[in-house]
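Read through the structure below, which is laid out as C-alpha cells, and then see the notes.
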Amino acid sequence: MAEQDLPGLLIMGIGGTHGVQESLAALLKKHFSVITMKELLENKKEVGKKIQCIFVSEFRPTIDQELLESLPNLKVIGNSGVGVDHLNLKMISNFGVRVTNTPHAVADSTADMGMALMLASARRLVEGSQIAVSPDTNYFAADWLGVEVTRATLGIIGMGRIGYKVAQRARAFEMKILYHNRNRRSQEEEQAVGACYSEMEDLLQQSDFVMLVVNLTPQTEKLIGKKELGLMKPTATLINISRGAVIDQDALVEALQNKTIKAAALDVTYPEPLPRNHPLLKLNNVIITPHIGTATVQATHMMAEEAIANMLSVLNCQPIPSEVFPQ
C-alpha cells in the first residue's frame, strides 16, 4: 500500500527529548502515514483532515479539546502504556473517539521494576554504591546492614496483570504474599502463586514490604495517606510502581522523617520530576527512579505493536483487544 493510502497517524515527533524513538517511528510507518505535531501546526486545516489516529507515548501529545476539534476524522487514540489518567476519557468519548491502551506489553517489565526496587531498598544498594565509590571511603563498616527479602511478607495492593506478575516473582523468594484488590482472584489463581487475600488494614499491619500496583482513579488518589502509613510496621518499606498521586506525598515525607516506616522506593512521583527542592529528594531512606517501569527495549516495542493492533482494529471495525472506557 502506498504511503498516501495509509491512514494518518499523529505523533508528537521523531527523536529528541520528547519524540518517538526512531525505531518505533519506523514500525509505525509500516502501517500509517505518520504526521508530527509540527507538521500539523504548520497546516492545521489540511493536515488535520488526514489524521485518523493518535499515538500517545510518554503522555505526549497532550490531548485537549482544541486538538480534538482540529481533527474531524479522528477515530482512535492509541495510548502506549496501561495508565490513562492523563487522558480525559469522557471528553474524548464525546467526540466519538475510542481510546485503547497496552496492558499486556507492560506487565513483565513493570513487575521486574517492582522487584528491583524492593531488592535495592532492602539491601540499600544506592547507599552502598555511593559508599563504594566515594573518595572519602577508607573502609567498609561491618555494621552496615540491610534486610532480607527472602521469606519476608509482601503486601500487594492491586492484583491485576502486573500485581499478579509481581506475586509470581515473589514466590521464587519464598515470600509470604498478601494481596488486596477490588475483585478477589480465583482460588486456583491464588494457589498458583501462594497469595492470600487480605483486607487493606491487615495487609498494611502485617507486611514487611507494601507494593502499590493500582491504576490512578478518583478512588485510588491518595489511597496511602497518614492513617495507612501509621498502620505499617516501623520496619516496613513502601514501594510504588503505579502513579505518584496514589500516595499522599506530604504524609509520606512525614512518615519517612519520623521513622513511622523504614523506607520507600518510588518509580513514580507527583509531579514528575519533583521540584529540585522537594523534601523527598533530601532523604536517605528513599529511592526514586524516573518512571522507568516500562523503559526497556523489549517493552517499548511491544507497547507500540500492541497499540498498532488496537488502532488498526478500530479502523477495520474489528473487535478491539484493549479498549478503555470512561468510568
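The values are calculated or read from the model by the stated rules, or taken from the named source; none is laboratory data. Because the structure is predicted, anything quoted here is derived from the model rather than measured. In this analysis, Cβ positions are derived from the backbone assuming ideal geometry, glycine residues included, and neighbour counts consider all displayed protein chains. The area values use the complete protein model at the heavy-atom level, side chains included, leaving out ligands, DNA and RNA. Shrake-Rupley method; radii C 1.70, N 1.55, O 1.52, S 1.80 Å.
Odds and ends about this structure:
- Debye log10 I(q)/I(0) for the chain, one point scatterer per Cα, at q = 0.13, 0.14, 0.16 Å⁻¹: -0.99, -1.09, -1.29
- Reduced Cα scattering model of region 176-259, Debye log10 I(q)/I(0), q = 0.10, 0.24, 0.25 Å⁻¹: -0.25, -1.27, -1.34
- Largest to smallest accessible area among 267, 248, 5, 108 [probe 1.4 Å]: 5, 108, 248, 267
- ³J(HN,Hα), Karplus 6.51/-1.76/1.60, whole Hz, each residue of region 56-72, x for Gly, Pro: 9, 10, 6, 6, 10, x, 5, 9, 10, 4, 4, 5, 4, 5, 8, 10, x
- Percent of Cα pairs exceeding the 27 Å cut-off, where the set is region 107-288: 25 percent
- The calculated FRET efficiency for the pair residue 318 and residue 88, based on their C-beta separation and a Förster distance of 41 Å, comes to about 0.95.
- Difference of contour (0.36 nm per residue) and Cα-Cα distance, residue 104 to residue 227: 40.9 nm
- Value of [θ]222 nm, deg cm²/dmol, for the chain, DSSP H segments ≥ 4, -39500 (n - 2.57) each, nearest 500: -10500 deg cm²/dmol
- Average Cα contact separation per residue, region 107-288, under 8 Å, 6 or more apart, as relative contact order %: 20 percent
- The Kirkwood radius of region 180-220, taken over pairs of alpha-carbon atoms, gives through the Stokes-Einstein law at 25 °C and 0.890 mPa s a diffusion coefficient of 210 µm² s⁻¹.
- Residues with amide H under 5 Å from that of residue 243, placed H, sequence gap 5 or more: 214
- Length gained on full extension, residue 39 to residue 62, computed as 0.36 nm times the residue gap minus the Cα-Cα distance: 6.7 nm.
- Hz values of 3J(HN,Hα) by residue in region 246-258 - Karplus curve (6.51, -1.76, 1.60), Gly and Pro given as x: 5, 10, 6, 5, 5, 5, 5, 4, 4, 5, 6, 5, 8
- The phi-based Karplus calculation (6.51 cos²θ - 1.76 cosθ + 1.60; θ = phi - 60°) puts the 3J(HN,Hα) values of region 230-241 at x, 7, 6, 5, x, 9, 8, 10, 9, 10, 10, 10 Hz, whole numbers, x for Gly and Pro.
- Packing here is the average count of other Cβ atoms within 10 Å per residue, and on that basis the peptides 281-290, 142-151, highest first, run 281-290, 142-151.
- Cβ-based net charge around residue 59, under 14 Å, with every Lys or Arg adding one and every Asp or Glu removing one: -2
- Choice from 305, 228, 42 showing the highest fluctuation, given a GNM over the chain with Cα pairs closer than 10 Å: 42
- Only Lys, Arg (+1) and Asp, Glu (-1) charged, at Cβ; region 107-288 dipole about Cα centre in debye: 60 debye
- Summary of packing: across the peptides 96-107, 127-138, 54-65, the per-residue average of other C-beta atoms within 10 Å ranks them, highest first, as 96-107, 54-65, 127-138.
- Share of Cα-Cα pairs in region 33-106 lying beyond 14 Å, as whole percent: 58 percent
- The convex hull defined by the C-alpha atoms of region 274-321 has an orientation-averaged projected area of 5.5 nm².
- Theoretical FRET efficiency, 1/(1+(r/R0)^6), r = Cβ-Cβ of residue 254 and residue 29, R0 45 Å, to 0.05: 0.35
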